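Notes to accompany the following structure.
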């Protein structure tokens, strides 16, 4: 029974590809994974781009798969004993060193160098967009595709009615939140509860003067003074005034998914969220949605980049033709034309400067200047957390932040907790220094 | 005496209704939420149905199927349904065969090492397959079935529980019947097919319902062992629906999707309530 | 040809039992026994820094790390371990009494039996991930049902999945809601196997309902209760899928459970040694309970033919 089944499987596994190979001999087939975590029609939008590419490139067939979750898709790619099961994928830009360590990706640089005008290609990207694509030596490994940043959304009608100016630093942020909050309406929701506070925290760590990571992938600054200031600020936002906090949001922060929902329902005057939420908010709000640079620091705005880049995977078994085909697809997806369309369809920040002068994005920005804010904000953006062993370090940072923000660890012990976490992080990074 | 009994009986009735209500409320509110217009979130004093100022219709409250439509667009549900059905059938079909063969041997045949082999099989009950996530993942990769429906079925083809259940049932089948068939020239497989299986149908039905529920509802293993939409079951699709909350949780849509996924088994259960309950009961009593 | 037949048949009949059990035995070996040994074996190694570096034999170091409270995983494991015990214990302590009450209520001559049975049992046939989706809506902080109801009543809302002191309770409630109906049917079966005339005799002696319940019914259900204690306790170690939707183990692991922790760690190849070591601990725990289950219920099951 078992043998027969196994035999059957072997036959299936061996014969099918051969059969397919015979029928379409010269075709290169590329598996493309896109774990885009935004709503509905996005899947068909991407499938539309792929169809466009396949049409224009006879001999190459890209097979798109919507895989749902960044982390889980990554997990399969980097886990033990796994040859890359995919040819091209949109993955978190922060996973760069995981993929390098697992020896599963090909640097985009190797393709860029063969272009007619490499500099023109590279320079068309906003410099900030490439921060997470480069390794410490400056080599470009991945190409920005669906990029976002932390932004401040505000209920512009409320601000106008109350005659309050849009905040540009943390002090004004709290003042505005306190002025606008009522019994049924939170002044400010920052989604640091549950899941993954690390991203929001990074905007504030940068704002208070020291980003979590910089170019060197073996250095993480988690117990810096800025880090403590950032965590303290985020905690105080949800701490009631009687307990010495600002008392403008729920204790422990809000949950990621509910934050825009509460904002749309009029239950929050301001929220921090991804720039990727812009289209959703504009389409569904019955008030004017304002977007501003995230006022994450005492001196002024600061934000952190996020989102996904395109990687080309190879364990050394691919032919040059296959690699070139993969690059052709990546280049197509990062082209200004697609980026312009994608920016409108999804709300992600188009990564190429020329995309903003093209339709449909140009007229969208004209109609909704809010889109322009997420672009201009790139000037105050820092790179997203990225390091060796980033999966475990991300786990430590998340869990430590979650402990302090949820009130599990009192603020007086925050510094000691950060120090403990830093020691664990350094323990992991020592192996790479 | 009688009036006191009546009084207790009323207390019991009230308690029954209360408990049932508590248990039903999540389902009731899920249905209500799934029918609520997405621009009318639940708020204080407005939790049951979508009520609000609908200028265009001039009505106070209304239901909508939009959430179902939106949820429907998020994933290729029919594809996921097909996978779920294929996996359930593919597991159950093979289980039926392996457990019948082994169950018969353990029930009716004497052979060296019988106790040892039975004990070996029982290890499966002590170490649940679901706990060995990492190693089974490595295994399906080595077998070359990662990210196929086979990966979802293979770990469950052998079933210690099924073997025990069938062994128990077959023991109750008189050996006379088997001997009569053997005199007629039937071989073991024919005897199983003609004598044992027909007499044990209720046990098979009981096992089938438990097996179907278990596989239909499984999430962690399919989530790990598959990657592409074509071979992912409904439970994983439901989780993906949940992942779309990156830009804001649309609970109406989520509840609609949840109902789409749970409906088949709940309806099946409604139709075969007694059968289901008896089957699940047999999963513990041996 | 034909003269060989008898001998061939005899050989076959000696082999028959082995051929019949072979598929199951092979499958159990492949997907239970072999992976178990691999788990133990690989728990003694640390993976290399890069994929091409070979794993390093470290003996029991992974276990030492996991019980070291300064280690980046060890500092989490103890809490998660404790959570798991609380989760399992609370599930048992709360769901079994309710299950018994449900069984007693449903085991009466009562109108609408089908409805009551459906109400209690339907969560059992839901996928846990589906049950979690439902409860995620109930638990949502600002736009959730329970908090909206609380606010409607003028009560303060509770951050069900975000408050470190509440999250484990929230996670447990979902499990209780889902499992109680399942445990109810075992009590129901137990109740129905008690002969009527025992109660009639007791009634003649003037024993009231509660006297009968405590003196007769409960003692007679002792075996069922013991069985359910073990089953529900071990089951609780495996029912973690709802965490994926509700809280993903947060905040700060206060709502995390052992098997879900394993699932979270699978991501990094660098953790492979630890993941296997935790699995060994988890399986070891389960073995203790299931073996005691077998000793109590299965002994003698095989020698009665």
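Neighbour counts of other C-beta atoms within 10 Å: give me C:142, C:16 arranged from fewest to most.
C:16, C:142
Using a/c under 1.5 as the rounded threshold, could you call the range C:3-162 rounded, prolate or oblate? The axes a ≥ b ≥ c are square roots of the C-alpha gyration tensor eigenvalues, and prolate needs a/b larger than b/c, oblate otherwise.
oblate
For the range C:20-50 and the range A:260-333, what is the separation of their C-alpha centers, rounded to whole Å?
42
Note down the nm distance, to one decimal, between modelled labels 7 Å out along Cα→Cβ at residue A:55 and at residue C:210.
Modelled inter-label distance: 7.8 nm.
Which distance in Å, rounded to a whole number, links the C-alpha centroids of the range C:198-223 and the range B:130-181?
Taking the Cα centre of the range B:130-181 as reference, the centre of the range C:198-223 is 42 Å away.
If you look at just the Cα atoms of the range C:87-269, how large are its Rg and its Dmax in Å?
Reported Rg and Dmax, both Å: 19.7, 70.
Of the listed peptides A:326-335, C:215-224, what is their order by residue-averaged count of other C-beta atoms within 10 Å, with the highest listed first?
Values: A:326-335: 21.2, C:215-224: 15.3.
For the peptides A:326-335, C:215-224, the packing ranking is A:326-335, C:215-224.
Between residue B:10 and residue B:82, what FRET efficiency comes out of the Förster formula 1/(1 + (r/R0)^6) with R0 = 45 Å and r the beta carbon distance, rounded to 0.05? Show your work: numbers first, answer last.
Details: r = 50 Å, r/R0 = 1.11.
Efficiency computed from Cβ-Cβ geometry: 0.35.
Of the DSSP beta bridges with both residues in the protein assembly as shown, give the percent that are antiparallel, rounding to the nearest 5.
70
Calculate the mean, over all residues of peptide B:105-117, of how many other protein chain Cβ atoms lie within 10 angstrom of the residue's Cβ.
Neighbouring Cβ atoms belonging to other protein chains average 4 per residue here.
Restricting to Cα pairs below 8 Å that are 6+ residues apart, what does the relative contact order work out to for chain A? Please round to a whole percent.
23
Over chain B, what is the relative contact order in whole percent, taking alpha-carbon pairs under 8 Å and six or more residues apart?
About 28 percent, as a whole number.
Which of C:197, C:141, C:253 moves the most in a Gaussian network model of chain C with Cα springs under 10 Å?
Comparing C:197, C:141, C:253 in the GNM, the peak value goes to C:197.
To the nearest whole number, what is the average tally of beta carbon atoms from other chains within 10 Å of the beta carbons of peptide C:268-276?
What the average comes to for C:268-276 is 6.
What does the helix-only formula give at 222 nm for the protein assembly as shown: each DSSP H stretch with n ≥ 4 adding -39500 (n - 2.57), the total divided by the residues, and the result rounded to the nearest 500 deg cm²/dmol? Could the numbers behind the result be given before it?
On the way: 46 runs with 575 residues, N = 1024.
The per-residue figure over the protein assembly as shown is -17500 deg cm²/dmol.
Springs between alpha-carbon pairs under 10 angstrom, Gaussian network model over chain C: which of C:207, C:252, C:103 fluctuates most?
Its mean-square fluctuation being the largest, the pick is C:207.
Rank A:63, A:237, A:304 by mean-square fluctuation in a GNM of chain A with C-alpha springs under 10 angstrom and give only the top-ranked residue.
Comparing A:63, A:237, A:304 in the GNM, the peak value goes to A:63.
Among A:405, C:226, which comes first, then next, by fewest other beta-carbon atoms within 10 Å?
Working: A:405 28, C:226 14.
Ranking A:405, C:226 by Cβ neighbours within 10 Å, fewest first, gives C:226, A:405.
Suppose we keep just the alpha-carbon trace of the protein assembly as shown; what are its Rg and Dmax in angstrom?
Rg then Dmax for the protein assembly as shown, in Å: 30.4, 107.
Rounded to the nearest 0.05, what FRET efficiency do residue C:155 and residue A:172 have when you use their Cβ-Cβ distance and R0 = 41 Å? Please list the in-between numbers first.
Details: r = 34 Å, r/R0 = 0.82.
Computed FRET efficiency for residue C:155 and residue A:172: 0.75.
Can you give the average number of partner chain beta-carbon atoms within 10 Å of each beta-carbon in peptide B:255-263, as a whole number? Present the calculation step by step, with values, prior to reporting the outcome.
Details: counts 4, 0, 2, 11, 3, 1, 5, 10, 1.
The per-residue average across the peptide is 4.
In which sequence would B:274, B:232 go, from the one with the fewest C-beta neighbours within 10 Å to the one with the most? Show your work: numbers first, answer last.
On the way: B:274 9, B:232 28.
Listing B:274, B:232 from fewest to most nearby Cβ atoms yields B:274, B:232.
Just to verify a number: FRET efficiency for residue A:215 and residue B:66, C-beta to C-beta distance, R0 = 51 Å, to 0.05?
Once the sixth-power term is evaluated, E becomes 0.60.
Any idea what the relative contact order of chain C is, in percent, if you count C-alpha pairs under 8 Å spaced at least 6 apart?
Here the relative contact order equals 26 percent.
Bear in mind that the values in this text are calculations on the coordinates, not laboratory data. Computed from a predicted model, the values in this text were never measured in an experiment. Methodologically, a virtual Cβ is constructed for each residue, glycine included, from the backbone with ideal geometry; neighbour enumeration extends over all protein chains shown.
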